[in-house]
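Let me begin by presenting the structure, written as structure tokens, before commenting on it.
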Amino acid sequence: MMALTAYRRKRNFRKTPEPWARAHRRAKELIFVVQKHRASHVHHDFRLELDRVLKSWAVPKGPPRRSADKRLAVKVEDHPYAYKDFEGTIPEGEYGAGTVEKWDAGTYAAKAHELHSQWEQAQGSVFARALEKPEAMAADQEACERVT
């Protein structure tokens, strides 16, 4: 799958436990996943399913506590759909070395004509705009405390 070429190129799948890049059939509902990534710099990765892959952003300061809060979100390479379940340690010396843990996940709904412009723009408020219920990410106060 062409969209996953950059993902494949950056990884040695003989060494990393990350999932191989494969196409998947579109499910009835679109998913999102937020993963805490303890790499060279601790950050969160925000992923939205679109076009049979997970469009991905690195969010250095973590998810916002309120939908009005803005965060920098840096677009990174698309990830395979199977990455939605990935948790583990990427070995030292490999791209993205460090521990990845799933922090939040669920489904979202977006208006079709807005969906593509949301990920293309990749602005800092992508969390608040992309999710139908952005307050769900801040519902667990204890989880929010771990981010800061």
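Numbers for the structure displayed
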| quantity | calculated |
| --- | --- |
| Accessible-area composition of the stretch 1-97, carbon plus sulfur, in percent [1.4 Å probe] | 52 percent |
| Gained length - ARG9 relative to TYR95, 0.36 nm times residue gap less alpha-carbon distance | 29.9 nm |
| Potential lengthening between LYS28 and ALA68 on full extension [0.36 nm per residue; Cα-Cα distance subtracted] | 11.5 nm |
| Measure of compaction for the stretch 1-91 (Cα Rg per 2.2 N^0.38 Å) | 1.10 |
| Amide proton proximity set for THR107, modelled H, under 5 Å, gap of 5+ | PHE32 |
| The stretch 26-67 - accessible surface per residue (Å², probe 1.4 Å) | 46 Å² |
| Point-charge dipole on Cβ atoms (K/R +1, D/E -1) for the stretch 1-52, about Cα centre, debye to 20 | 300 debye |
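The values are calculated or read from the model by the stated rules, or taken from the named source; none is laboratory data. Bear in mind the structure is a predicted one, so any value in this text is a computation, not a measurement. Cβ coordinates were reconstructed from backbone atoms using ideal geometry, including for glycine residues, and neighbour counts include every protein chain displayed. Just the protein is used for accessible areas: all its heavy atoms, side chains included, with ligands, DNA and RNA removed. Shrake-Rupley method; radii C 1.70, N 1.55, O 1.52, S 1.80 Å.
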